[in-house]
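Data first, discussion second: the structure below is written as structure tokens.
The values are calculated or read from the model by the stated rules, or taken from the named source; none is laboratory data. What you are looking at is a predicted structure, and each value in this text was computed from that prediction instead of being measured. Don't worry about glycine lacking a Cβ; one is built from the backbone with ideal geometry, like all the others, and counts go over all protein chains shown. Accessible surface is based on the protein model in full, side chains and every heavy atom, while ligands, DNA and RNA are left aside. Shrake-Rupley method; radii C 1.70, N 1.55, O 1.52, S 1.80 Å.
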Amino acid sequence: ETGVSGLYCLGDASTSGFELTPVAIAAGRRLADRIFGGAADAKFEYANIATADPLASRDGGRGPALATRPPLPRAGAREAYGDANVKAYKSVFKPMHFALCEEEAKKPMAMKLVCAGEEERVVGLHVIGIAADEMLQGFAVAVKMGATKADFDHACAIHPTAAEEFVTMGPWGAKPDGQGGIVPTPVPKGR
């Protein structure tokens with residue numbers, strides 16, 4: 001609500017810092033639920049907003065697509081959660097989409113999970129490559145719900161997709177034991 005009673009401001013005209021159409025739509029829906037639907041607590045949460053770079057081409061351009069806004073690269077996560085509490089898992093590969101192409105036509109793909117805390121909650125998810133925006137929509141739900149690296153590790157991959165890299169990213173099903181080895185991660189409880 002603005003300084004004028006009964007006058008609301010959403011989307012590009014607001015000061016939320018998120019000039020994105022889906023954000024305006026979602027905020028508008030929550031506002032309508034609150035004003036007309038009797039849902040007094042309905043408010044849009046501005047944390048972990050999924051975004052895709054509109055300048056990245058759909059055929060695998062080099063522009064990034066990010067699953068959090070503001071994006072939490074490792075440096076941002078270290079600032080928010082402390083350096084010792086952040087771990088990044090990365091993978092660079094050429095997706096199977098290009099399997100039958102000549103080598104010079106194969107475009108690389110890069111993915112990164114940024115995790116925080118002992119439970120390794122996913123606080124940033126980044127991908128550059130073909131159809132990055134499409135795969136991020138589903139992962140954005142997982143990030144919003146507080147998914148952990150163990151949740152990703154225990155999900156079954158869909159093959160052949162590039163997105164399966166996020167649920168098979170090493171060390172898969174394990175984490176460092178602090179003595180140079182790895183220990184298995186248990187299946188997340190209640191998920």
Inset, instruction - Report yes if some residue within region 168-176 is surrounded by 14 or more Cβ atoms within 10 Å (Cβ to Cβ) and within 14 Å of M109 (Cα to Cα); otherwise report no. - result: yes
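When you scan region 1-56, how many residues do you find that are among the polar types (S, T, N, Q) and touching a residue at least 24 places away in the same chain (Cβ under 8 Å)? Outline the logic, then answer.
First pass over region 1-56, keeping only residues among the polar types (S, T, N, Q): 2, 5, 14-16, 21, 48, 51.
From what's left, touching a residue at least 24 places away in the same chain (Cβ under 8 Å): 16, 48, 51.
Looking only at that region, the number is 3.
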Inset, instruction - Would you check if F139 is within 22 Å of V86 (Cβ to Cβ), in contact with a helix residue (DSSP H, G or I) (Cβ under 6 Å, 6 or more places away or on another chain), crowded, with 20+ Cβ neighbours inside 10 Å and not basic (K, R)? - result: no
Inset, instruction - Restrict the check to region 25-34 and report whether at least one residue is open to solvent by 90 Å² or more (accessible area, probe 1.4 Å), outside the structural domain of M145 (by the TED database) and at pLDDT 85 or above. - result: yes
Legend entry - Test for T161: is it open to solvent by less than 30 Å² (accessible area, probe 1.4 Å) and either at pLDDT below 75 or in the same structural domain as A105 (by the TED database) (or both): no
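Among the candidates G82, G117, which residue alone is touching a strand residue (DSSP E or B) at 6+ places or on another chain (Cβ under 9 Å), at pLDDT below 90 and surrounded by fewer than 16 Cβ atoms within 10 Å (Cβ to Cβ)? Talk me through it step by step, then tell me what you get.
Details: G117 fails: at pLDDT below 90.
Just a single option satisfies the conditions, and that option is G82.
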Legend entry - Output for region 120-133, where each listed residue is touching a residue at least 40 places away in the same chain (Cβ under 8 Å), of a type in the set (A, V, I, L, M, F, W, C) and either in contact with a helix residue (DSSP H, G or I) (Cβ under 7 Å, 6 or more places away or on another chain) or open to solvent by 10 Å² or more (accessible area, probe 1.4 Å) (or both): V123, L125, V127, I128, I130, A131
Inset, instruction - Working only within region 153-178, note down all residues that are touching a Ser or Thr at 6+ places or on another chain (Cβ under 9 Å) and either among the aliphatic types (A, V, I, L, M) or in a helix (DSSP H, G or I) (or both). - result: D153, A157, E165, F166, T168, M169, A174
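Go through region 85-108 and give me each residue that's part of a helix (DSSP H, G or I), open to solvent by 100 Å² or more (accessible area, probe 1.4 Å) and without any contact (Cβ under 8 Å) to a residue 24 or more places away in the chain.
Of the residues in region 85-108, the ones part of a helix (DSSP H, G or I) are 85, 96-98, 103-105.
This time we only want the ones that are open to solvent by 100 Å² or more (accessible area, probe 1.4 Å), so: 96-97, 103-104.
Within region 85-108, E103, E104 meet the criteria.
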